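Right, one structure below, let's go through it.
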Amino acid sequence: MLKLIPLGGLGEIGLNMMAIQYQDTLFVIDAGLMFPEEYMLGVDLVIPDMTYLKKAEPRLSGIILTHAHEDHIGALPYLLKDIHAPVFGTPFTLGVVRHKLEEYGILSSCDLHDISPGELLKIGKLELEFIRVGHSVVGGVGIAIRTPFGLVVHTGDFKINHAASGGMTTDVNHFARCGDEGVLALLSDSTNVEREGVTVSAEEIAETLSQVTHSHKGRVIISLFASNITRIGKIVDIAKLQGRKVVLDGKSIETTVNIAKELGLIDIPEEMQIDISRIGEFPDEELLLITTGSQGEPMSSLARMATKTHKWVAIKRGDMVILSSKFIPGNERAIGNIINKLYRLEADVIYEKISNIHASGHAFREELKLMIALTRPKYFIPVHGEYRHLALHARLAEKVGIPKERVLLAENGQIIEFDSKGGRIRDRVFTGRVLVDGKGIGDVGRSVL
């Protein structure tokens, strides 16, 4: 019997972790965290409860990472502290992971293995094939799992945009070949099921950024997610055309850009990039800063610039500040506070509500329909989202022809079973959340909710 056991990510944004078990083979897809909600005072992050994996027989055979976002890799150090298992991911994903594990002091004891799209990997009695997917971070993959009962396809986080560049396009032909082979079950990203149409391309966002900055005579400061290497590359191209020097500010951005440089994923000419300590040597109209803080994080570089506590940069009249990211639910108040501070300092502020300066990495409804059409699954399982996202995705699958009885709407802990008679949801394992303060678990009170 094949078992799919969601330990996180089905009923919330974040905490993505799915266990796959067949006889004596057990592996997990992703090990993600979630950032704390407002009421979680003193909590730095939240991770899935991993009791099931710690007690499971058979022992964990592998950890597969679909991409390098924190909601998919952030809990990995906590899992590897208790369970020794090989970790598989693309070179960029493992580059970010290595840096994270080094910070936690456990890198030397970890077993990391590079994988590439199109590559086959045997774990126990199951065979995995990796499929390139486009997302808002490079190196994303979906996974086709060959089992005795049929092919199980996990999309990972994806969007389908044929205008994407830099190896960021989803390999629709590969997914179609899975459909030709016959797909038992499709596990598909539900995050943007509420959004009609298709996602905006990175090229369109780059064009908007170029237009809004073209005639600006002061400094340009762009805040975004550190992992969005493709957009950072587009911003560097804009700076080159406008004759601006590029400044990277923020530990996470510097780390991910250095990893991307080593892998040949981004090129910043040496004469263009300057250290932030040198910004006083250049006129404002020749400077473009790329920084962190688009979610209103209180200790981020942008927040410190806005409160004039940053060592090198204080926001002033004439600065253009662009928040090139979406407002993640729960962060709206913090982001609003930052924007208000920036306006008080008489900066020009551009954000998603007033200009199209962010492209989502998650498929909209038409792309979700296309994924179902490409793979033609016998069973459909919505993953990655709050319950309303899963429910709406389930209804969408029914609308495009999946019979209602073959749409398996599961939540964390519910066991999805497949055997020769078909698929069903049956029984449940213990799941929950563990609160983390700093790098220690549970020292803020009850650790499991």
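The values are calculated or read from the model by the stated rules, or taken from the named source; none is laboratory data. If you're wondering where the values come from, they're calculated on a predicted model, not measured in any experiment. Neighbour counts are summed over all protein chains in view; Cβ atoms, including those assigned to glycine, are modelled from backbone coordinates with ideal geometry.
For this structure, a couple of remarks:
The rows are residues; the columns are (1) of a type in the set (Val, Ile, Thr); (2) surrounded by fewer than 20 Cβ atoms within 10 Å (Cβ to Cβ); (3) in a strand (DSSP E or B).
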position	(1), (2), (3)
142	no, no, yes
157	no, no, no
199	yes, no, no
208	yes, yes, no
211	no, yes, no
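- Residue identified as at pLDDT 95 or above and either in contact with a His (Cβ under 9 Å, 6 or more places away or on another chain) or outside the structural domain of residue 192 (by TED's automatic domain parsing) (or both) among 348, 419: 348
- Qualifying residue in region 319-334 (condition: over 27 Å from the mean Cα position of the chain (by Cα) and assigned by TED's automatic domain parsing to the domain that holds residue 223): yes
- Which numbered condition residue 221 misses (of (1) assigned to a loop (DSSP other than H, G, I, E, B); (2) farther than 26 Å from residue 416 by Cβ; (3) not hydroxyl-bearing (Ser, Thr, Tyr)): (1)
- When restricted to residues that are part of a loop (DSSP other than H, G, I, E, B) and closer than 20 Å to residue 122 by Cα, region 1-30 contains 4.
- Output for region 104-140, where each listed residue is free of Cβ contacts under 8 Å to residues at least 12 places away in the same chain and outside any loop (DSSP other than H, G, I, E, B): 107, 108, 120, 122
- Conditions (1) of a type in the set (A, V, I, L, M, F, W, C); (2) under 26 Å from residue 214 (Cα atoms); (3) out of contact with any Ser or Thr (no Cβ under 8 Å at 6 or more places or on another chain); (4) at pLDDT below 95; number of the one not met by residue 279: (4)
- Being among the acidic types (Asp, Glu) and loosely packed, with under 15 Cβ neighbours inside 10 Å is a property that residue 281 has.
- Listed by first and then second residue, the pairs linking a residue in region 373-385 that is assigned by TED's automatic domain parsing to the domain that holds residue 408 to a residue that is basic (Lys, Arg), with Cβ atoms under 8 Å apart and 6 or more places separating them unless they lie on different chains, are 378/406; 379/406; 380/406.
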